[in-house]
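J.: One structure coming up, written as C-alpha coordinates, with questions to follow.
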Amino acid sequence: HAKQKSNHYLFFNDSMNEQAVKRLQIENLMRFGLKEDHFVVYYQPKMDIISGALVGMEALVRFITPKKGIIPPNVFIPIAEETGQIIEIGEVVLDKACQDVKSWIDAGLFEGRVAVNLSAKQFSLPDLTTRIDVILQKNQLPSYFLELEITEGTVMDDPQEAIAIMRSLSARGIHLAMDDFGTGYSSLAYLKQFPLNTLKVDKAFIDDMHNERGRNMVDSIVTIAHNLDLHVVAEGVEREEQLAFLKSLNCQTIQGYYYSKPLSYEEFTVFLKQQKRK
Ligand code: C2E
Ligand code: CA
Ligand code: CA
Ligand code: CA
(Lines give C-alpha, C1' and ligand atoms only; values in the text may rest on other atoms or scores of the structure.)
(Ligands and ions follow the chains in the order given, each with its own letter.)
Protein backbone atom coordinates (compact mmCIF):
# COMPACT_ATOMS: atom_id res chain seq x y z
CA HIS A 1 0.00 0.00 0.00
CA ALA A 2 2.84 2.34 0.89
CA LYS A 3 4.49 1.65 -2.46
CA GLN A 4 1.35 2.59 -4.34
CA LYS A 5 1.18 5.86 -2.48
CA SER A 6 4.73 6.82 -3.39
CA ASN A 7 4.05 6.06 -7.04
CA HIS A 8 1.10 8.32 -6.91
CA TYR A 9 3.21 11.08 -5.39
CA LEU A 10 5.87 10.69 -8.08
CA PHE A 11 3.30 10.76 -10.85
CA PHE A 12 1.88 14.14 -9.97
CA ASN A 13 5.17 15.84 -9.16
CA ASP A 14 7.24 14.81 -12.11
CA SER A 15 7.02 17.51 -14.81
CA MET A 16 7.34 14.89 -17.53
CA ASN A 17 4.28 13.20 -16.16
CA GLU A 18 2.50 16.51 -15.88
CA GLN A 19 3.08 16.87 -19.59
CA ALA A 20 1.78 13.37 -20.14
CA VAL A 21 -1.36 14.25 -18.19
CA LYS A 22 -1.86 17.35 -20.33
CA ARG A 23 -1.43 15.30 -23.50
CA LEU A 24 -3.95 12.78 -22.25
CA GLN A 25 -6.37 15.61 -21.49
CA ILE A 26 -6.03 16.95 -25.02
CA GLU A 27 -6.37 13.45 -26.46
CA ASN A 28 -9.62 13.03 -24.52
CA LEU A 29 -10.83 16.49 -25.54
CA MET A 30 -10.18 15.59 -29.17
CA ARG A 31 -12.05 12.29 -28.88
CA PHE A 32 -15.00 14.13 -27.35
CA GLY A 33 -14.63 16.99 -29.86
CA LEU A 34 -14.83 14.59 -32.79
CA LYS A 35 -18.12 13.24 -31.44
CA GLU A 36 -19.53 16.67 -30.60
CA ASP A 37 -18.40 18.49 -33.75
CA HIS A 38 -15.92 20.88 -32.07
CA PHE A 39 -13.61 21.01 -35.10
CA VAL A 40 -14.34 23.98 -37.32
CA VAL A 41 -12.71 25.02 -40.59
CA TYR A 42 -11.42 28.54 -41.26
CA TYR A 43 -10.24 29.80 -44.64
CA GLN A 44 -7.33 32.05 -45.49
CA PRO A 45 -7.41 33.76 -48.90
CA LYS A 46 -4.61 33.31 -51.44
CA MET A 47 -4.35 36.46 -53.53
CA ASP A 48 -2.84 37.31 -56.90
CA ILE A 49 -0.01 39.76 -56.21
CA ILE A 50 -0.59 41.83 -59.36
CA SER A 51 -4.38 42.05 -59.63
CA GLY A 52 -5.16 41.65 -55.94
CA ALA A 53 -7.83 39.09 -56.94
CA LEU A 54 -8.65 36.00 -54.95
CA VAL A 55 -7.17 32.84 -56.48
CA GLY A 56 -7.90 30.28 -53.78
CA MET A 57 -7.90 29.61 -50.07
CA GLU A 58 -6.31 27.32 -47.48
CA ALA A 59 -8.54 25.39 -45.11
CA LEU A 60 -7.19 25.60 -41.54
CA VAL A 61 -8.67 23.62 -38.68
CA ARG A 62 -9.82 25.31 -35.46
CA PHE A 63 -10.55 23.31 -32.30
CA ILE A 64 -13.20 25.18 -30.33
CA THR A 65 -14.05 23.53 -27.01
CA PRO A 66 -16.85 24.76 -24.74
CA LYS A 67 -14.76 24.38 -21.56
CA LYS A 68 -11.14 25.15 -22.56
CA GLY A 69 -11.84 27.64 -25.34
CA ILE A 70 -9.86 27.60 -28.58
CA ILE A 71 -6.94 25.18 -28.61
CA PRO A 72 -4.39 26.25 -31.27
CA PRO A 73 -3.29 23.83 -34.04
CA ASN A 74 0.35 23.88 -32.92
CA VAL A 75 -0.83 22.42 -29.59
CA PHE A 76 -3.26 19.71 -30.72
CA ILE A 77 -2.02 18.75 -34.22
CA PRO A 78 1.28 17.20 -33.00
CA ILE A 79 -0.63 15.17 -30.39
CA ALA A 80 -3.24 14.13 -32.96
CA GLU A 81 -0.40 13.03 -35.26
CA GLU A 82 0.97 10.79 -32.51
CA THR A 83 -2.33 9.27 -31.43
CA GLY A 84 -3.52 8.85 -35.03
CA GLN A 85 -6.57 11.06 -34.37
CA ILE A 86 -5.26 13.32 -37.15
CA ILE A 87 -6.72 10.83 -39.63
CA GLU A 88 -10.27 11.42 -38.42
CA ILE A 89 -9.72 15.15 -37.87
CA GLY A 90 -8.20 15.46 -41.36
CA GLU A 91 -11.23 13.78 -42.91
CA VAL A 92 -13.61 16.06 -41.02
CA VAL A 93 -11.67 19.06 -42.36
CA LEU A 94 -11.67 17.71 -45.93
CA ASP A 95 -15.39 16.95 -45.76
CA LYS A 96 -16.28 20.42 -44.42
CA ALA A 97 -13.95 22.17 -46.86
CA CYS A 98 -15.56 20.33 -49.80
CA GLN A 99 -19.03 21.16 -48.54
CA ASP A 100 -18.21 24.85 -48.00
CA VAL A 101 -16.48 25.29 -51.36
CA LYS A 102 -19.35 23.53 -53.10
CA SER A 103 -21.75 26.06 -51.59
CA TRP A 104 -19.59 29.01 -52.76
CA ILE A 105 -19.32 27.55 -56.26
CA ASP A 106 -23.08 26.93 -56.44
CA ALA A 107 -23.71 30.52 -55.30
CA GLY A 108 -21.49 31.77 -58.13
CA LEU A 109 -19.02 33.27 -55.66
CA PHE A 110 -15.94 31.15 -56.39
CA GLU A 111 -14.39 28.98 -59.06
CA GLY A 112 -10.85 28.18 -57.84
CA ARG A 113 -9.35 25.52 -55.63
CA VAL A 114 -9.51 24.95 -51.90
CA ALA A 115 -6.23 23.76 -50.39
CA VAL A 116 -6.45 21.23 -47.58
CA ASN A 117 -3.51 20.10 -45.43
CA LEU A 118 -2.77 16.39 -45.57
CA SER A 119 -0.83 14.90 -42.67
CA ALA A 120 1.81 12.19 -43.04
CA LYS A 121 -0.48 9.67 -41.32
CA GLN A 122 -3.24 10.34 -43.85
CA PHE A 123 -0.80 10.29 -46.76
CA SER A 124 0.38 6.79 -45.95
CA LEU A 125 -3.09 5.25 -45.62
CA PRO A 126 -3.34 2.42 -48.15
CA ASP A 127 -6.86 3.52 -49.17
CA LEU A 128 -6.14 7.27 -49.23
CA THR A 129 -7.39 7.87 -52.78
CA THR A 130 -10.61 5.93 -52.15
CA ARG A 131 -11.26 7.93 -48.99
CA ILE A 132 -10.77 11.19 -50.90
CA ASP A 133 -12.98 10.01 -53.78
CA VAL A 134 -15.76 9.14 -51.31
CA ILE A 135 -15.65 12.59 -49.69
CA LEU A 136 -15.58 14.39 -53.06
CA GLN A 137 -18.52 12.32 -54.30
CA LYS A 138 -20.51 12.80 -51.12
CA ASN A 139 -20.20 16.57 -51.59
CA GLN A 140 -20.67 16.48 -55.38
CA LEU A 141 -17.39 18.33 -55.77
CA PRO A 142 -15.24 17.60 -58.86
CA SER A 143 -11.61 16.87 -57.95
CA TYR A 144 -10.61 19.88 -60.07
CA PHE A 145 -11.52 22.10 -57.09
CA LEU A 146 -9.16 20.40 -54.66
CA GLU A 147 -5.54 21.02 -53.80
CA LEU A 148 -3.65 19.10 -51.13
CA GLU A 149 -0.76 20.61 -49.14
CA ILE A 150 1.88 18.06 -48.21
CA THR A 151 5.04 18.75 -46.19
CA GLU A 152 8.57 17.68 -47.04
CA GLY A 153 8.71 15.32 -44.10
CA THR A 154 5.70 13.44 -45.44
CA VAL A 155 7.19 12.81 -48.87
CA MET A 156 10.84 12.35 -47.88
CA ASP A 157 10.03 9.42 -45.60
CA ASP A 158 9.77 7.10 -48.60
CA PRO A 159 10.17 9.21 -51.75
CA GLN A 160 9.53 6.44 -54.29
CA GLU A 161 6.31 5.42 -52.57
CA ALA A 162 5.36 9.10 -52.25
CA ILE A 163 5.81 9.64 -55.99
CA ALA A 164 3.38 6.77 -56.69
CA ILE A 165 0.76 8.16 -54.29
CA MET A 166 1.17 11.69 -55.62
CA ARG A 167 0.76 10.42 -59.20
CA SER A 168 -2.54 8.73 -58.36
CA LEU A 169 -3.82 11.95 -56.77
CA SER A 170 -2.55 14.06 -59.62
CA ALA A 171 -4.18 11.73 -62.17
CA ARG A 172 -7.55 12.62 -60.59
CA GLY A 173 -6.96 16.29 -61.32
CA ILE A 174 -6.12 17.11 -57.72
CA HIS A 175 -3.37 19.73 -57.43
CA LEU A 176 -0.46 19.14 -55.07
CA ALA A 177 1.49 21.74 -53.13
CA MET A 178 4.71 21.26 -51.21
CA ASP A 179 4.16 23.00 -47.88
CA ASP A 180 6.77 24.58 -45.58
CA PHE A 181 9.40 24.10 -48.29
CA GLY A 182 12.98 24.39 -47.06
CA THR A 183 12.25 24.00 -43.36
CA GLY A 184 12.84 20.28 -43.11
CA TYR A 185 14.83 17.62 -44.83
CA SER A 186 14.28 18.31 -48.50
CA SER A 187 16.09 16.96 -51.46
CA LEU A 188 16.46 18.98 -54.63
CA ALA A 189 17.04 15.74 -56.53
CA TYR A 190 13.55 14.59 -55.56
CA LEU A 191 11.86 17.95 -55.90
CA LYS A 192 11.94 17.64 -59.68
CA GLN A 193 10.57 14.08 -59.58
CA PHE A 194 7.52 14.88 -57.45
CA PRO A 195 4.41 15.64 -59.53
CA LEU A 196 3.85 18.99 -57.81
CA ASN A 197 1.94 22.03 -59.03
CA THR A 198 2.88 24.48 -56.32
CA LEU A 199 5.63 25.26 -53.88
CA LYS A 200 4.81 27.19 -50.73
CA VAL A 201 7.59 29.34 -49.31
CA ASP A 202 7.44 28.99 -45.54
CA LYS A 203 6.70 31.99 -43.35
CA ALA A 204 10.11 31.61 -41.66
CA PHE A 205 11.81 32.69 -44.93
CA ILE A 206 9.37 35.56 -45.43
CA ASP A 207 10.04 36.74 -41.85
CA ASP A 208 13.75 36.79 -42.65
CA MET A 209 13.47 39.14 -45.63
CA HIS A 210 14.48 42.20 -43.60
CA ASN A 211 18.15 41.49 -44.38
CA GLU A 212 19.94 40.89 -47.65
CA ARG A 213 20.84 37.26 -47.00
CA GLY A 214 17.22 36.55 -46.17
CA ARG A 215 16.05 38.19 -49.38
CA ASN A 216 18.64 36.25 -51.40
CA MET A 217 17.33 33.05 -49.86
CA VAL A 218 13.76 33.78 -50.94
CA ASP A 219 15.05 34.83 -54.37
CA SER A 220 16.82 31.45 -54.70
CA ILE A 221 13.79 29.42 -53.61
CA VAL A 222 11.49 31.25 -56.02
CA THR A 223 14.05 30.78 -58.84
CA ILE A 224 14.28 27.02 -58.19
CA ALA A 225 10.49 26.75 -58.18
CA HIS A 226 10.11 28.70 -61.41
CA ASN A 227 12.85 26.65 -63.08
CA LEU A 228 10.84 23.54 -62.22
CA ASP A 229 7.65 25.16 -63.61
CA LEU A 230 6.08 25.32 -60.19
CA HIS A 231 3.62 27.93 -59.09
CA VAL A 232 4.87 29.81 -56.00
CA VAL A 233 2.81 30.82 -52.98
CA ALA A 234 4.47 33.02 -50.35
CA GLU A 235 3.03 32.35 -46.91
CA GLY A 236 2.85 34.64 -43.89
CA VAL A 237 3.20 37.92 -45.78
CA GLU A 238 2.32 40.74 -43.41
CA ARG A 239 4.01 43.87 -44.73
CA GLU A 240 4.10 46.12 -47.77
CA GLU A 241 7.92 45.78 -48.17
CA GLN A 242 7.64 42.00 -48.24
CA LEU A 243 4.96 42.26 -50.89
CA ALA A 244 7.06 44.65 -53.01
CA PHE A 245 10.11 42.39 -52.92
CA LEU A 246 8.05 39.29 -53.76
CA LYS A 247 6.53 41.19 -56.69
CA SER A 248 10.04 41.95 -57.99
CA LEU A 249 10.72 38.18 -57.92
CA ASN A 250 7.57 37.45 -59.96
CA CYS A 251 6.13 35.44 -57.10
CA GLN A 252 2.48 35.23 -58.18
CA THR A 253 0.47 34.35 -55.10
CA ILE A 254 0.39 35.70 -51.57
CA GLN A 255 -1.16 34.28 -48.43
CA GLY A 256 -0.84 36.26 -45.23
CA TYR A 257 -2.21 38.79 -42.79
CA TYR A 258 -1.35 41.56 -45.27
CA TYR A 259 -4.55 40.56 -47.09
CA SER A 260 -6.43 38.59 -44.47
CA LYS A 261 -6.29 36.32 -41.46
CA PRO A 262 -8.06 32.96 -41.69
CA LEU A 263 -11.83 33.59 -41.73
CA SER A 264 -14.87 31.62 -40.60
CA TYR A 265 -17.31 30.29 -43.22
CA GLU A 266 -19.60 33.30 -42.68
CA GLU A 267 -16.74 35.80 -42.79
CA PHE A 268 -15.28 34.21 -45.91
CA THR A 269 -18.68 34.38 -47.63
CA VAL A 270 -18.72 38.15 -46.98
CA PHE A 271 -15.12 38.38 -48.26
CA LEU A 272 -16.13 36.58 -51.48
CA LYS A 273 -19.06 38.93 -52.01
CA GLN A 274 -16.80 41.98 -51.54
CA GLN A 275 -14.29 40.51 -54.01
CA LYS A 276 -17.06 40.06 -56.57
CA ARG A 277 -18.02 43.71 -56.36
CA LYS A 278 -14.43 44.81 -57.15
P1 C2E B 1 0.63 25.82 -42.24
O2 C2E B 1 0.04 24.73 -43.07
O3 C2E B 1 1.99 26.30 -42.61
O4 C2E B 1 -0.44 27.00 -42.27
C5 C2E B 1 -0.11 28.36 -42.27
C6 C2E B 1 -0.17 28.94 -40.88
O7 C2E B 1 0.37 30.26 -40.90
C8 C2E B 1 -1.59 29.05 -40.31
O9 C2E B 1 -1.51 28.87 -38.91
C10 C2E B 1 -1.92 30.52 -40.64
O11 C2E B 1 -2.94 31.04 -39.82
C12 C2E B 1 -0.58 31.16 -40.37
N13 C2E B 1 -0.41 32.43 -41.08
C14 C2E B 1 -0.75 32.74 -42.35
N15 C2E B 1 -0.41 33.99 -42.66
C16 C2E B 1 0.16 34.52 -41.56
C17 C2E B 1 0.72 35.82 -41.27
O18 C2E B 1 0.78 36.73 -42.09
N19 C2E B 1 1.23 35.99 -40.02
C20 C2E B 1 1.20 35.00 -39.07
N21 C2E B 1 1.71 35.26 -37.87
N22 C2E B 1 0.68 33.76 -39.32
C23 C2E B 1 0.16 33.54 -40.55
P24 C2E B 1 -2.50 27.92 -38.12
O25 C2E B 1 -3.87 27.99 -38.70
O26 C2E B 1 -2.33 28.22 -36.67
O27 C2E B 1 -1.96 26.47 -38.41
C28 C2E B 1 -0.69 26.06 -37.98
C29 C2E B 1 -0.30 24.75 -38.59
O30 C2E B 1 -1.16 23.71 -38.15
C31 C2E B 1 -0.41 24.73 -40.11
O32 C2E B 1 0.69 25.38 -40.68
C33 C2E B 1 -0.47 23.25 -40.37
O34 C2E B 1 0.80 22.68 -40.31
C35 C2E B 1 -1.28 22.76 -39.18
N36 C2E B 1 -2.68 22.64 -39.60
C37 C2E B 1 -3.69 23.55 -39.59
N38 C2E B 1 -4.84 23.02 -40.06
C39 C2E B 1 -4.57 21.73 -40.37
C40 C2E B 1 -5.34 20.63 -40.91
O41 C2E B 1 -6.54 20.73 -41.21
N42 C2E B 1 -4.68 19.43 -41.07
C43 C2E B 1 -3.36 19.29 -40.76
N44 C2E B 1 -2.79 18.07 -40.97
N45 C2E B 1 -2.61 20.27 -40.28
C46 C2E B 1 -3.20 21.49 -40.09
CA1 CA C 1 -0.46 24.42 -45.15
CA1 CA D 1 2.71 26.28 -44.82
CA1 CA E 1 4.19 27.06 -42.10
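J.: What is the calculated FRET efficiency for D158 to Y257, with r their C-beta to C-beta distance and R₀ = 41 Å, to the nearest 0.05?
T.: The formula returns an efficiency of 0.70 here.
J.: Excluding ligands, DNA and RNA, what is the solvent-accessible area per residue of region 1-156 at a probe of 1.4 Å, expressed in Å²?
T.: Accessible area per residue: 53 Å².
J.: Using the alpha-carbon atoms, what tilt in degrees (0 to 90, nearest 10) does helix 85-106 show relative to the longest principal axis of the chain?
T.: 40 degrees
J.: Another question about this same structure. Against the longest principal axis of the chain, how steep is helix 159-171, in degrees 0 to 90 to the nearest 10, with axes from Cα atoms?
T.: Helix 159-171 and the main axis of the chain meet at about 60 degrees.
J.: From the square roots a ≥ b ≥ c of the eigenvalues of the alpha-carbon gyration tensor of region 120-278, which class results: rounded (a/c under 1.5), prolate (a/b over b/c), or oblate?
T.: Note, shape of region 120-278 comes out oblate.
J.: What are the aspartates and glutamates whose alpha-carbon lies under 13 Å from the alpha-carbon of K102, with same-chain residues fewer than 8 places away excluded?
T.: E111
J.: Another question, if that's okay. Quick query: amide H of V233 versus all other amide H atoms, modeled in the peptide plane; which residues come in under 5 Å with a sequence gap of 5 or more or a different chain?
T.: The list, which skips near neighbours in sequence, is L199, K200, V201.
J.: Per residue, how large is the accessible surface of region 218-278? Use a 1.4 angstrom probe and give square angstrom.
T.: Computed with neighbouring chains in place, this is 54 Å² per residue.
J.: Quick check: residue separation of E88 and D106 times 0.36 nm, minus the Cα distance between them. What number comes out in nm?
T.: Length gained between E88 and D106: 3.8 nm.
J.: Relative contact order for region 146-219 using alpha-carbon pairs under 8 Å, separation at least 6, rounded to a whole percent?
T.: 31 percent
J.: Note down the net charge around S186, summing +1 for each Lys or Arg and -1 for each Asp or Glu among other residues with Cβ under 14 Å from its Cβ.
T.: Overall, the nearby charge balance is -3.
J.: Would you calculate the separation in nanometres between label points at S143 and M16, each defined as 7 Å from the Cα along the Cα-to-beta-carbon direction?
T.: 4.6 nm
J.: On to the next question. For region 66-194, just run the numbers: alpha carbon Rg, then divide by 2.2 N^0.38 Å, N being how many residues it has.
T.: Normalised Cα radius of gyration, region 66-194: 1.10.
J.: Using 7 Å Cα-to-Cβ label points, what is the L188/S248 separation (nm, one decimal)?
T.: It is 2.3 nm.
J.: Oh, and also: Does region 179-270 come out rounded, prolate or oblate by the C-alpha gyration tensor, with a ≥ b ≥ c the root eigenvalues, rounded set by a/c under 1.5 and, if not, prolate when a/b is larger than b/c and oblate if not?
T.: oblate
J.: A follow-up question, please. Ordered by packing density, taken as the mean number of other Cβ atoms within 10 Å over each peptide's residues, highest first, how do 35-43, 140-148 rank?
T.: Answer by packing, highest mean first, reads 140-148, 35-43.
J.: In Å, what Kirkwood hydrodynamic radius results for the chain from the alpha-carbon pair distances?
T.: This gives a value of 20.3 Å.
J.: Greater than 25 Å separation of Cα atoms is the criterion. Which listed pairs, K46/K203; K35/K261; K35/K138; K96/K278; K35/K67; K22/K121, meet it?
T.: K35/K261; K96/K278
J.: Ranked from highest to lowest mean number of other Cβ atoms within 10 Å per residue, what is the order of the peptides 177-186, 16-25?
T.: Peptide ranking by packing, descending: 177-186, 16-25.
J.: With charges set only on the Cβ (+1 for Lys and Arg, -1 for Asp and Glu), what does the dipole of region 93-174 come to about its Cα centre, in debye to the nearest 20?
T.: So the magnitude is around 220 debye.
J.: If you roll a 1.4 angstrom probe over the protein chains with everything in place, what fraction of the accessible area of the chain belongs to carbon and sulfur, to the nearest %?
T.: 52 percent
J.: For the chain, find the longest principal axis of its Cα atoms and tell me its angle to the long axis of helix 212-227, 0 to 90°, nearest 10.
T.: Between the helix axis and the principal axis of the chain, the angle is about 70 degrees.
J.: Same structure again: Could you let me know the centre-to-centre spacing of region 186-259 and region 145-181, using Cα atoms, in angstrom?
T.: 18 Å
J.: Need the full-extension length gain, Q275 to D127, defined as separation in residues times 0.36 nm minus the C-alpha distance. One decimal, nm.
T.: 49.5 nm
The values are calculated or read from the model by the stated rules, or taken from the named source; none is laboratory data. Please read all numbers here as calculations on a predicted model, not as lab measurements. Glycine gets a Cβ as well: all are built from the backbone with ideal geometry, and neighbour counts include every protein chain shown. Side chains are part of the model used for accessible areas, which takes the heavy atoms of the whole protein and leaves out ligands, DNA and RNA. Shrake-Rupley method; radii C 1.70, N 1.55, O 1.52, S 1.80 Å.
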